[in-house]
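S.K.: So that we are looking at the same thing, I have put the structure below in structure tokens.
Every number here is computed from the coordinates shown, using simple stated rules; none is lab data. Every value quoted in this text rests on a predicted model; they were computed, and no experiment measured them. Note that each Cβ is placed from the backbone with ideal geometry, even for glycine, and that neighbours are counted across all protein chains shown.
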Amino acid sequence: MNLLHLTSSRFFGGPERQMLELALELKPHCQTTIASFSEGGRCRDFLRHARERGIDAVSVAADTPRLFAAKRDVVSLLRETDADVLICHGYKAGIIGLLAARSAGVAVIAVSRGWTAESPRVRLYESLDRRVLRQMEHVVCVSHGQAEKVFRAGVDRISVIHNAVRCERFATASIISRTQLANYFPSPPRLIVGAAGRLSPEKGFEILVQAAAEVRAQCPDVGFVLFGDGPLRSLLQDQATACGLEDWFVMPGFRDDLDELLPSLDLFCSSSYSEGLPNVILEAHAAGVPVVATAVGGTPEVVDDGQTGFLVPAGCPSALAGPIIRLASDASLSERMGAAARDRVREQFSFPAQATSYRQLFDTLCSGPSPEASLVHASG
């Protein structure tokens, strides 16, 4: 079976890793080609990673606003790769991919990872995405939380196939990586709390800064490090300074070596208002790190409350601070939760299980009529 993934990649992040690892896991049963709109040349990073791993990867020559030219290019790709299924990621890929697949007579599905509503422009794009998803032959949601949203948007051909993680990427903590983390602070903290993500409104990092101030008031030997970049960087830095945290809530920017750093954290925090199924929480668990996270989207499907971490309401600094203080004061509890976290993702969020679910879906799509309306727990 031949598959074509269509996306708009601006860097090699979580969704890109999911596509690449799925393509590798589906070999030799499925031959995968990955195609991305150029995004001003920013797609090159993802395409390079794919080619280095032996996956065919191409840039779509035409891009917005040349929609009809882009559609023709995707039709050509579908025919050149003899694709049986087109998998669309994001609203742009969905709009153009749906039109191209219909022209080429190819089965088409979409993967829905989450909606953030972070700005008027994003809300417009997400509104378009909802309309497009209703026209797809099938929609794969990365969590039950996202599936409920997609269902309420009027889509009834849905499967849930969780994101996955390769635990072997995350070695045990090393002195080198721990030293790198400690060097962000004036003196090495006893406990380092990490967070990561795009510095945008839906991530709720302003709540994390407030929580950090509460934690530091009771546990002055705790430091916080937030990896990532985005439009709220300056505001968050100013907030941390106003809270007296300029030396203890550090933002080093985007790092492409989190695989090496995550195992050296003592705790990971997610303060989001909205999530699909966050890859970084899967990765923290795979690294054996307990997680304190807001109970939004698919996060409760990863974090087993009280066993692998703690779930708290969104938007409440004190609710986030409480479990951090508890884990900072109980090393044995933190160790037990970290071990349970690693076991959980190894058993329930593997790429072999994910690939099996996708193969079953592809076989159904290509062997007869579109699947009946459903809301299915397919993996995880």
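S.K.: I want to verify a result. In a Gaussian network model of the chain, Cα cutoff 10 Å, which of these has the top mean-square fluctuation: 329, 38, 112?
M.R.: Of 329, 38, 112, the Gaussian network model singles out 329 as fluctuating most.
S.K.: Under the rule of at least 5 residues apart or a separate chain, name every residue whose amide H is placed under 5 Å from the amide H of residue 58.
M.R.: Those qualifying (amide H under 5 Å, at least 5 residues apart or on another chain) are 34, 35, 36.
S.K.: Would you compute the Debye intensity of the chain from its alpha-carbon atoms alone, equal scatterers and no solvent, and pass along log10 I(q)/I(0) at q = 0.12, 0.13 Å⁻¹ to two decimals?
M.R.: At q = 0.12, 0.13 Å⁻¹ the computed log10 ratios are -0.91, -1.05.
S.K.: Another question, then. With the chain treated as a Gaussian network of Cα nodes joined by springs under 10 Å, which of 274, 334, 367 yields the largest mean-square fluctuation?
M.R.: Greatest mean-square fluctuation among the candidates belongs to 367.
S.K.: How fast does region 167-348 diffuse by Stokes-Einstein, in µm²/s, taking the Kirkwood radius from C-alpha pairs at 25 °C and 0.890 mPa s?
M.R.: D = 155 µm²/s.
S.K.: I've got another one for you. How about region 180-264: which chymotrypsin sites (Phe, Trp or Tyr not before Pro) there are in a DSSP loop, with at most 16 other Cβ atoms within 10 Å of their Cβ?
M.R.: 254
S.K.: Would you give the gap between the C-alpha center of region 224-275 and the C-alpha center of region 89-146, rounded to a whole Å?
M.R.: Measuring centre to centre over Cα atoms gives 30 Å.
S.K.: Which value at 222 nm does the chain reach when only helices count, each DSSP H run of 4 or more adding -39,500 (n - 2.57), with the total divided by all residues and rounded to the nearest 500 deg cm²/dmol?
M.R.: For the chain, the value works out to -13500 deg cm²/dmol.
S.K.: A follow-up question, please. Relative contact order of the chain: what whole-number percent is it, with Cα pairs under 8 angstrom and at least 6 residues apart?
M.R.: In percent, rounded to a whole number, it is 16.
S.K.: Work the Kirkwood hydrodynamic radius out for region 90-207: mean of 1/r over every pair of different alpha-carbon atoms, inverted, in Å.
M.R.: One decimal place: 17.6 Å for the Kirkwood radius.
S.K.: As a quick test, which of the pairs 27/149; 149/203; 92/203 have an alpha carbon distance above 25 angstrom in this structure? Don't skip to the answer; put the middle values down first.
M.R.: Numbers: 27/149 32 Å; 149/203 18 Å; 92/203 23 Å.
Over 25 Å Cα-Cα: 27/149.
S.K.: Moving to a separate point now. Based on alpha-carbon centroids, what's the gap between region 289-344 and region 13-48 in Å, whole number please?
M.R.: Between the Cα centre of region 289-344 and that of region 13-48, the gap is 32 Å.
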